[in-house]
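Data first, discussion second: the structure below is written as structure tokens.
The values are calculated or read from the model by the stated rules, or taken from the named source; none is laboratory data. None of the values given here were measured: they were computed from a predicted structure. Using ideal geometry, Cβ is built from the backbone for each residue, glycine included, and neighbour counts are taken over all protein chains shown.
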Amino acid sequence: MEEILRSFPVVGEDTDEEPVRLTDGSLLEGAIAASPRCGGTLWSGERWAAEVVEQVVDAADADGRLRAILDAVRSNRVEDDFSDRWSYAREDFERKLYHKRNKVRVRFVELTDTIPVQGPETEVEGNLVVGDFLALLDQRERQVVVLLRSGYTKLGEVASILGYKNHSPVSKYLARIRRQAAEHFDL
């Protein structure tokens, strides 16, 4: 876009470009004083705008990394990538995600009390396996697992945090979680 602006004619006398001096005599870094240019249209119409966008992307992708990032984002989409407005991309994504013949129902779970998978001290494979398993559990069962992984080791502590008077409901949740884990991990 700066190249387009530089092609506009200069207003008045054409003076040489020189660095900008401040009142204390120092130079303003990155600023250059020059004659102003006429205003004008950067682009007009859809075709011209597409050409400018292509030039901007080519300039931004001079080292080849921008297109790789864009391809990675497009191929690894999540539900949050889309606005509430309808689009073909969103419809295709939802069709893949909520396909009626899928054997496993997809659920999005936010685990706020756990260490993020991308942390340097985490075991990536182990956390991915745990994350997949947690998606199969209901909300209360997930809360029990998250509390146990967060350092609460006594069932009484977990029960009081969840609002129960004794450890009995937590024990029942743990028994169900163990059965589901045995089925899920083929133990």
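Consider the stretch 145-166. How many of its residues are modelled with pLDDT of 85 or more and assigned to a helix (DSSP H, G or I)?
8
Please specify each residue of the stretch 161-187 satisfying the condition of being under 35 Å from the mean Cα position of the chain (by Cα) and among the small types (Gly, Ala, Ser).
Gly163, Ala181, Ala182
Results for (1) touching a residue at least 24 places away in the same chain (Cβ under 8 Å); (2) of a type in the set (D, E, K, R), shown as yes or no for each residue.
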site	(1), (2)
Ser35	yes, no
Ser44	no, no
Glu51	no, yes
Val73	no, no
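Is one or more of the residues making up the stretch 121-139 touching an Asp or Glu at 6+ places or on another chain (Cβ under 8 Å) and either modelled with pLDDT under 70 or not assigned by TED's automatic domain parsing to the domain that holds Ala175 (or both)?
No, every residue in the stretch 121-139 fails to be touching an Asp or Glu at 6+ places or on another chain (Cβ under 8 Å) and either modelled with pLDDT under 70 or not assigned by TED's automatic domain parsing to the domain that holds Ala175 (or both).
Please note which helices (runs of 4 or more DSSP H) are completely contained in the stretch 1-76 and include at least 1 residues that are closer than 30 Å to Phe93 by Cα.
By residue number, 46-60, 65-75.
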